[in-house]
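S.K.: Sharing a structure below in structure tokens format, with a few things to ask.
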Amino acid sequence: MWNRIYALFVARNLEFMRDRSALAWSVLLPVLIIFVFAYAFTEENPEKFKVGLISASAPAGPAARFAETRYIRFIEFDDAAGNLHKVERHQVDLLFDPGSGRYWINQTSPGGYIVEKLLVAAYADSGETLQRILVEGDEIRYVDWVIPGVIAMNIMWGALFGIGYVIVRYRKFGVLKRLSATPVTAVEFLCAQILSRLWLLVVVNVVIFIGMDLFVDFRMHGSYFNLLLVFTLGCINLICCGLVVAARISSEEVANGVLNLFSWPMMFLSGVWFSLEGAHPWMQKFALLLPLTHVTDAAREVMIDGAGIIQISDHLLVLGISSLILLFIGARIFQWE
Amino acid sequence: MPTSKLGKVVLPTQPVYTLPSLVEITMSVILQVSNLVKRFGSLTAVNDVSFEIRQGSCFGLLGPNGAGKTTTIEMMEGIKAPDAGEILYRGAALSQQFRNEAGIMFQTTALQEFITVREIMVQFSRFYPDTASIDELADRYALHDFLNQDTRKLSGGQKQRLLLAMALINNPRILFLDEPTTGLDPQSRRNLWKQVQQVKQQGATILLTTHYMEEAYELCDEIAIMDHGRIIAHDAPDALLAAHFDDVVVQLHAADIPREIGEREFQAIYRNDNAHIVTGDVNRTIEHLLHLDIPLDRLRIRARDLEDLFLELTGKELRA
């Protein structure tokens, strides 16, 4: 059994390594994305602003005027203390308590800078005073916040399309049929594909991580082992998603559609680029069903907060259990032809 | 006894018939197919097919495109599940032992890309417990010239030789060849025949599907002719011909004998630019042709072949 898995593993690796365009694409694209977004979000202002309002005190006077400002999304929170980390992590640009006139701001937040100007302007002739409080702890820039998500997203593309397309192509052109005429079993074939894609994804993303560390200064407070564990489990989970998609399809066009159906919602609803803070509750609940949400959140907790295994165990558990379920489904419905 | 190879001008004096030898009769059955049925929606592709393949023999499934031979062979290979019927390999249902002992060459096979011929051979050799030496296979099937070449860059003949070598990597006891020479030029086809004959000489049992009658006649000890999913004739090639024909074909170029004359005077059949006159009395037929001033420069006399047999049995041509 292991000999057969090893043979398929080696063959798939050779195929991938020698397909230079695919290899270059899978390495260059995420690097380009990182640089583009690192530049875009540290140098320029995002277009949307979010302000957290402590709802215990209803806005009145200048606070009410500020709360009517267009193009700012106001999100109600129960208290300030439990939500300061959202300012720290750029999930909201500013946290404002209308009752006390206090507001919390992250000095490195470009959105926070703009929103603060608007807040101060609203209070200018009112005679009421504002109290400015900078968030305590290390500053977290957007690039610190976005990098874990971008790496997770890169894993998602590599896993879903890397495994899905290959299997569908193998099926379409009869490679799977030829393999089915050998003693190789479906489980052996799938294991070899998972292992091959897994190590390639892990190595590629480790290289990207190291490369980014050299060129972009970003925050990494947690254990590298924990981060590797998160990304490895994320790879396995997303590869298994790809397996389920590719289990029966024999048309690349159909596979492309289904893989996009999986990937694009994850891209926008997993909090890779922007926080879902303030989004409709059903959307936030739906996001928890997406594996990329757990990979991104767990990676952020490790990299930004220095979280340990215990703190991220809920994400790991979700990823681990769903991987097993997906693998089981994939193996059950897999067809050689 | 004269041998009536297809395509040669041979005048048989007696019906050609080869009795199976005692050794052949006592050969054990390696693969047994009973009442096999396969349906695709409302189409019954294989309809109650039964036969046995003797160990060490070459068994040919002959039929036109769509006759059901590939579906039949794929069920025997374990690739497709039959809707009804039974397939026994050495007396038992198909199992891992069958997978280890069967060599399979599909009609069309894509190989993994960016892999060299040697690497794909190494990969396949790791699938089996008992394997042939890659270098020996490369010698035997002339793979050395392109052993380190990407599989995408092989010619049709090179690819067929590689696929045959891959099918033999596990020293198979039974070898399935599904239209192995389709698309090959005549020289490559004959080379492949030689290689298949070598495999047979080494003791392997061969199941071959083809729509080339010459190929079936050249390689097979026994043939089954399929049409519309059923076996319509089954025996040794010469025995089938002997059982159905005691006449010969006088063949003229269609341009030499006007169709109305050919059909009226000789009940000639026109196909492939030729007029085929079936006759039991060659001298009388030639006399009649001379009497009608038909030019005989391009006249050929040949024994009836499997294509004639198929035409006789089904009313259509094998390569249709």
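S.K.: Quick check on my filter: what residues within region A:87-120 are touching a helix residue (DSSP H, G or I) at 6+ places or on another chain (Cβ under 9 Å), over 14 Å from residue A:71 (Cα atoms), open to solvent by 50 Å² or more (accessible area, probe 1.4 Å) and of a type outside the set (Lys, Arg)?
M.R.: If the condition is that a residue be touching a helix residue (DSSP H, G or I) at 6+ places or on another chain (Cβ under 9 Å), over 14 Å from residue A:71 (Cα atoms), open to solvent by 50 Å² or more (accessible area, probe 1.4 Å) and of a type outside the set (Lys, Arg), then A:99, A:107 are the ones that fit.
S.K.: Any idea how many residues of region B:109-143 are within 13 Å of chain A (Cβ to nearest Cβ), out of contact with any Gly (no Cβ under 8 Å at 6 or more places or on another chain) and hydroxyl-bearing (Ser, Thr, Tyr)?
M.R.: Residues flagged as within 13 Å of chain A (Cβ to nearest Cβ), out of contact with any Gly (no Cβ under 8 Å at 6 or more places or on another chain) and hydroxyl-bearing (Ser, Thr, Tyr) within region B:109-143 amount to 4.
S.K.: Let me ask another. Keeping to region B:235-255, report how many residues are closer than 15 Å to residue B:308 by Cα and within 17 Å of the chain's Cα centre (by Cα).
M.R.: Of the residues in that region, 5 qualify.
S.K.: Also, I was wondering about something else. Inside region A:294-314, can you point out the residues that are buried (at least 24 other Cβ atoms within 10 Å of the Cβ) and either closer than 16 Å to residue A:156 by Cα or not hydrophobic (A, V, I, L, M, F, W, C) (or both)?
M.R.: Correct list: A:294, A:295, A:296, A:298, A:299, A:300.
S.K.: Could you tell me how many of the residues in region B:131-151 are farther than 16 Å from residue A:184 by Cβ and in contact (Cβ under 8 Å) with a residue 40 or more places away in the chain?
M.R.: Within region B:131-151, the first condition is being farther than 16 Å from residue A:184 by Cβ, and the residues that meet it are B:132-151.
Filter once more, keeping what is in contact (Cβ under 8 Å) with a residue 40 or more places away in the chain: B:140-141, B:151.
Number satisfying all stated conditions: 3.
S.K.: Counting just the residues of region A:200-242 that are without any contact (Cβ under 8 Å) to a residue 12 or more places away in the chain and not charged (D, E, K, R), which one comes out farthest from residue A:141 (Cα to Cα)?
M.R.: Only one residue tops the list, namely A:203.
S.K.: With respect to the numbered conditions (1) modelled with pLDDT under 90; (2) open to solvent by 10 Å² or more (accessible area, probe 1.4 Å); (3) out of contact with any Gly (no Cβ under 8 Å at 6 or more places or on another chain), which one is the sole condition not fulfilled by residue B:231?
M.R.: It fails just one condition, (1).
S.K.: So which of B:313, B:290, B:309, B:241 ends up being more than 30 Å from residue B:35 (Cα to Cα) and aliphatic (A, V, I, L, M)? Walk me through how you get there before you give the answer.
M.R.: On the way: B:313 fails: more than 30 Å from residue B:35 (Cα to Cα); B:309 fails: more than 30 Å from residue B:35 (Cα to Cα); B:241 fails: more than 30 Å from residue B:35 (Cα to Cα).
Exactly one residue qualifies, and that residue is B:290.
Yes/no per residue for (1) in a loop (DSSP other than H, G, I, E, B); (2) out of contact with any helix residue (DSSP H, G or I) (no Cβ under 6 Å at 6 or more places or on another chain); (3) open to solvent by less than 10 Å² (accessible area, probe 1.4 Å):
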| residue | (1), (2), (3) |
| --- | --- |
| A:228 | no, yes, no |
| A:238 | no, no, yes |
| A:242 | no, no, yes |
| A:253 | no, yes, no |
| A:263 | no, no, yes |
| A:273 | yes, yes, no |
| A:283 | no, yes, no |
| A:287 | no, no, yes |
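S.K.: Return the total of residues in region A:133-190 being within 14 Å of chain B (Cβ to nearest Cβ), among the aromatic types (Phe, Trp, Tyr) and either open to solvent by 10 Å² or more (accessible area, probe 1.4 Å) or in a loop (DSSP other than H, G, I, E, B) (or both). Even if it seems obvious, please write down each step before you answer.
M.R.: Start the filter on region A:133-190 by keeping residues that are within 14 Å of chain B (Cβ to nearest Cβ), which leaves A:165-189.
Keeping just the survivors that are among the aromatic types (Phe, Trp, Tyr) gives A:165, A:170, A:173, A:189.
The next check asks that each one be either open to solvent by 10 Å² or more (accessible area, probe 1.4 Å) or in a loop (DSSP other than H, G, I, E, B) (or both); those that pass are A:165, A:173.
Residues that pass the stated criteria total 2.
S.K.: Right, another one. Suppose we filter B:146, B:59, B:98, B:106 for residues that are under 24 Å from the mean Cα position of the chain (by Cα) and more than 14 Å from chain A (Cβ to nearest Cβ); which single one remains? Give the steps one after another, and end with the answer.
M.R.: Numbers: B:146 fails: under 24 Å from the mean Cα position of the chain (by Cα); B:98 fails: more than 14 Å from chain A (Cβ to nearest Cβ); B:106 fails: more than 14 Å from chain A (Cβ to nearest Cβ).
Checking each option against the conditions leaves just B:59.
S.K.: Scan region B:89-108 for residues that are open to solvent by 10 Å² or more (accessible area, probe 1.4 Å) and not in a helix (DSSP H, G or I) and jot them down. Before the answer, list the steps.
M.R.: First, pick out the residues of region B:89-108 that are open to solvent by 10 Å² or more (accessible area, probe 1.4 Å): B:90-97, B:99-101, B:107-108.
Once the filter is applied, which keeps residues that are open to solvent by 10 Å² or more (accessible area, probe 1.4 Å) and not in a helix (DSSP H, G or I), region B:89-108 yields B:90, B:91, B:92, B:93, B:94, B:95, B:107, B:108.
S.K.: From B:120, B:169, B:223, which residue is closer than 24 Å to residue B:75 by Cα and not in a loop (DSSP other than H, G, I, E, B)? Steps first, please.
M.R.: Working: B:120 fails: closer than 24 Å to residue B:75 by Cα; B:169 fails: not in a loop (DSSP other than H, G, I, E, B).
So the residue among B:120, B:169, B:223 that is closer than 24 Å to residue B:75 by Cα and not in a loop (DSSP other than H, G, I, E, B) is B:223.
The values are calculated or read from the model by the stated rules, or taken from the named source; none is laboratory data. Computed from a predicted structure; not experimentally measured. When we count neighbours, we look across all protein chains shown, and the Cβ atoms used for this are built from the backbone with ideal geometry, even at glycine. Only protein heavy atoms, including side chains, enter the accessible area calculation; ligands, DNA and RNA are left aside. Shrake-Rupley method; radii C 1.70, N 1.55, O 1.52, S 1.80 Å.
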